[in-house]
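One structure is given here, and the rest of the page talks about it.
The values are calculated or read from the model by the stated rules, or taken from the named source; none is laboratory data. None of the values given here were measured: they were computed from a predicted structure. Cβ placement follows ideal geometry from the backbone for every residue including glycine, while neighbour counts extend to all protein chains displayed.
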Ligand code: 5GP
């Protein structure tokens, strides 16, 4: 199995490009069915979700809107736990069918703390699509409506996810050795 280095750490391939894209296609298929005629607004959380959001959005056949916002709670290999305020949320969410697009749910703290801010605007519905979920690490109760892959509690990089700024460009997802 190919081993790569990002900064000082070694990682091995965990999910191939083909596996990821196939699953993203399936999620988009589910969303196409669930949101037919509803014109949802996707709110993708930067930086990590840009590839997932892009590949998923391309597979949508329904009318849909997309915006990107930024929140950060991760430094290095461990979640810092504190959620920084969102930047770029200009859309009025009142009465909208909103889908949050997140790269990975780890402890769940980031989204758990952010959701009230969105709910305050009274969207018609609010769902979450997460490419990756680490169930063993999740401490905050969150209902994840679309999940790409449930993964073990190990640090991953690639496909948008970084380790201290690097690794986002990798087409595959790699796991820390
Ligand atoms: P949470 O608040 O759920 O603990 O953390 C969510 C954020 O932490 C994710 O959006 C992501 O940016 C970052 N994160 C969590 N786990 C990992 C991981 O294994 N690898 C990388 N690169 N980022 C992670």
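Considering only segment 98-177, give the strands (runs of 3 or more DSSP E) lying wholly within it that have at least 2 residues that are at pLDDT 95 or above, under 29 Å from residue 7 (Cβ atoms) and near the ligand (Cβ under 9 Å from one of its atoms).
Numbers: elements: 125-133, 146-150, 173-176.
Counting at least 2 such residues, we get 125-133, 173-176.
For residues that are touching a helix residue (DSSP H, G or I) at 6+ places or on another chain (Cβ under 8 Å) and assigned to a loop (DSSP other than H, G, I, E, B), scanning just segment 34-70, find the one that is surrounded by the fewest Cβ atoms within 10 Å (Cβ to Cβ). Restricting to residues being touching a helix residue (DSSP H, G or I) at 6+ places or on another chain (Cβ under 8 Å) and assigned to a loop (DSSP other than H, G, I, E, B), the top hit is 61. Inspection of segment 11-19 finds a residue satisfying the criterion of being in a helix (DSSP H, G or I), over 15 Å from the mean Cα position of the chain (by Cα) and under 16 Å from residue 147 (Cα atoms).
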